[in-house]
1. For HIS468 and ALA430, what is the calculated FRET efficiency with R₀ set at 25 Å and r taken between the beta-carbons, to the nearest 0.05?
2. Which entry is the computed log10 I(q)/I(0) by the Debye sum over Cα atoms at q = 0.05, 0.08, 0.09 Å⁻¹ for this structure: (i) -0.30, -0.70, -0.84; (ii) -0.26, -0.65, -0.81; (iii) -0.29, -0.77, -0.99?
3. For a quick check of understanding: with a 1.4 angstrom probe and all protein chains in place, what accessible area in square angstrom does LEU140 have, to the nearest ten?
4. Considering segment 293-338, what Rg and Dmax in Å follow from its alpha-carbon atoms?
5. Under a plain spin-label model, where a point goes 7 Å from the Cα along Cα-to-Cβ, how far apart in nm are GLU532 and ARG187?
6. Where the only charges are on Cβ atoms (+1 Lys, Arg; -1 Asp, Glu), what is the dipole of the chain about its Cα centre, to the nearest 20 debye?
7. If Lys and Arg each add +1 and Asp and Glu each add -1, what is the summed charge of the other residues whose beta carbon sits under 10 Å from the beta carbon of PRO565?
8. Net charge near LEU469: determine it from the other residues with C-beta under 13 Å of the C-beta of LEU469, scoring Lys and Arg +1 and Asp and Glu -1.
Amino acid sequence: MRDDAWFRRQVGRHANAWADRPREFTRAAARDALLALLALAASACVLGIALLGCLALAVFGPGGGWWLLPAAALAAAGWPLLRALRLPAAPAPGVVVGARQAKEVHALVEQARAALNAEPVDELRFDTSLQVRLLPRPRLGLLGLPRQVLVIGLPLMMALPSESLAALVLHALVPLRRETGWLGRWREPAAWVERRRREWAALATAWVPSRLLAGWQDAVIGPFMHRFWPAFEARAVVVGREEATIADRLVLAQRGAPSLATALMGPAIQQRFLDEVFWPQRWAAARDSHLPNVLPLRELRALIGASLRHPQAKSWLHDALQSMPPRGDLRAPLRDRLALTGDAARLSKRASEGRSAADALLGRQLDSWIDLVDAHWQREAAPAWTALHRRHRDQQRLLTELAEAHAGRPVAVDDLLLWVRTAAQVSGPAAAVPIAREALARHPRHPGVRTLLATMLLDARGPLPSRHLLPDLPPDANEAMELLREVSDEPMSEAGSSDPAWALPAARRLERALVQREGIEALRAVRLRIGELERESQRALGVLTDFSGPQTLAAPRLGGRSLRPLLERLKQERAIGRAWLVAKTDTRARGWVLHLLVIERSTSLDQPGPFHDWNELLGLIEPPWPCRVIDLAHPDWRGPQRMDIVERFQQTEGSRIHAARGG
């Protein structure tokens, strides 16, 4: 089965091959992509000719309807190919900026395109992000022929000067650069490979396997996505990383080090401000209203510049310099990109001084664009906003239910943990502290209780001051950090008194607090411990996901109220007939527990493909316990070799959590 571990191994192997012979490696990746395109195009041509032949027989051939049979067969065979050629990518975000609108912004884009001798940009959009993104939207599905959509975040324009915005636009357009002549494009096909990777990645992200007769409807798309695309992506990622480095160097040569440094450092801090402060505060209004009633960009216009002076700005920049890009982002780490500029890794004042790109390029139109993007955001956010409003009301009812149940008889520890989390989500962490303290009084050694109490204490206090400004912390903050140290440092072998699944989140929360305190020595020790815990977690999961040999299975270690969202979702899913939740342990895993959600398909025709991962179900199970979904329709779980373990899943006492009507 091709998972993240397989992908990382393939990328590592290809990176070594690219380092030895980069040009030959890139040409091999281009050849693979070209052969796939030719195979699709040839199949489409053959099918089209055959269908035209049937039509010609119908018009000019002898009488009778005998030709209907081959025509129907060809149509049935051609439908999967037609689906592959009509496969859509996700709609581009934001609002369209016409050619006669925002002329200065269009001129900036055209200037960057001309400097690179790049292909044209088909559409320009403004959205609410803090990025500049080039999004290909293929017209012919897997065959390509994309519309190139450039999306510029209006908050980014309000945060950066024009020179830095121009640097990011130039960086985004680098994949569209063209070599001179066909011969030059074949000799240096890296940009072409990167464009194909982006196009197919956009389709793979948006593709939803057919839920009706998937074996027929996805006969072309399925093999492409499950076999060709992962292998090609592992190759193309290596090429794409080098392309990202080339893009930085081109921007450096065209726009200079100060513009690139400002474009990198300012947004690194402002993105954390948006993620941790601004957007959570706006979405909190969903508690009181079932429709969006905020104007985020109108408010952000006055706040985005000040975010660089936020008390957490220095910590956010430190985190950004230490972190690695997420999967899918092929750019080098921020610290390496800044090293190219020769600029010190410090907050540049240029990002907060002077006239912003939004004011310089949009002028008096800025207010109207803000109103337009805000209105678009409200329409797009309305479904999620309404769902969040309903969830908040459900959580309020759950709090009432837990309080009433606890007044009659103390609830179990799982319900206490749920009570703490729910109270923090509804009323804030300060309101959850008394509940967490009562839980600690009843379960003083439970690692989850200690971790949640420490987290609530720290979250209620807010960012901790540097030890240089405040050498001695208040008692509640000291208590929280000591609790986190205890949980993260408990030996894995003490399974009787500790659940090791809590140690890693406790260590990570302690790391955040030490970064704020600037405790260098303590931070170094905690990061070493995090590395140990991550390695231990990987080893334990390796053992627990081995289904050969004897298995130790039991009923789940989750309370009924914690499972309620999952059970409601299972009731709505027609494709699931029965479901079991099993807790698997192993003496070699030293206290770790893996929860297995085992799904048996119903008799409904509305079924997803056998490779469907059911990730939306995992999101309904509370952390920190690791969980996996086992779909008994998946090829890995079908056949006599799996029959014994499947029977063990189904016969584990207390494991069945769902049965559809008649199941």
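The values are calculated or read from the model by the stated rules, or taken from the named source; none is laboratory data. None of these values were measured; they are calculated from a predicted model. Every residue, glycine among them, receives a Cβ derived from its backbone with ideal geometry; neighbour counts consider all protein chains shown. Remember, those area values only see protein heavy atoms, side chains included, never the ligands or the DNA or RNA. Shrake-Rupley method; radii C 1.70, N 1.55, O 1.52, S 1.80 Å.
1. Values: r = 27 Å, r/R0 = 1.08.
Working from the Cβ atoms, E equals 0.40.
2. The listed entry that was calculated here is (iii).
3. That residue has around 70 Å² of solvent-accessible surface.
4. Considering segment 293-338 through its Cα atoms, Rg and Dmax are 14.4, 41 Å.
5. A separation of 5.6 nm, rounded to one decimal place.
6. For this selection, approximately 1000 debye.
7. Details: positive: ARG391, ARG561, ARG564, ARG569; negative: ASP394, GLU568, GLU622.
Surrounding charge for PRO565 is +1.
8. Details: positive: LYS314, ARG467, ARG517; negative: ASP472, GLU518.
Once positives and negatives cancel, what remains is +1.
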